[in-house]
1. Tally up the residues in segment 49-76 that are surrounded by 14 or more Cβ atoms within 10 Å (Cβ to Cβ) and part of a loop (DSSP other than H, G, I, E, B), please.
2. Out of segment 33-48, which residues are open to solvent by 60 Å² or more (accessible area, probe 1.4 Å) and more than 9 Å from the chain's Cα centre (by Cα)?
Amino acid sequence: MVCGFPPGLRPPGFARARRKPAEKPACDDFLLRGAALFHQWSSLTNAQAFFEKAIEFDPEYAAAHAMVGWMWMARQAINGL
């Protein structure tokens with residue numbers, strides 16, 4: 001699976017967090033699946049589920065925590081306060 005963030009949508013520190021692989025390979029898989037869904041605005045709930053699953057496997061996986069934060073920000077931008 002190949003996915004990427006447009007330069008304007010990359011969270012700060014995302015590139016640095018991605019350079020360090022997760023302790024468990026499944027975490028990277030969940031992160032990539034969630035990132036692919038993140039770009040489909042109708043699938044934000046499904047994307048967040050993948051990010052949270054990555055956090056369950058590795059609670060210190062910074063990239064997954066960052067993406068959950070971006071999910072909350074995206075929801076607020078779409079739905080308002």
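The values are calculated or read from the model by the stated rules, or taken from the named source; none is laboratory data. Every value quoted in this text rests on a predicted model; they were computed, and no experiment measured them. Note that each Cβ is placed from the backbone with ideal geometry, even for glycine, and that neighbours are counted across all protein chains shown. These accessible areas exclude ligands, DNA and RNA; they are computed on the full protein's heavy atoms, side chains included. Shrake-Rupley method; radii C 1.70, N 1.55, O 1.52, S 1.80 Å.
1. 2
2. Answer for segment 33-48, where residues must be open to solvent by 60 Å² or more (accessible area, probe 1.4 Å) and more than 9 Å from the chain's Cα centre (by Cα): His39, Gln40, Trp41, Ser42, Thr45, Asn46.
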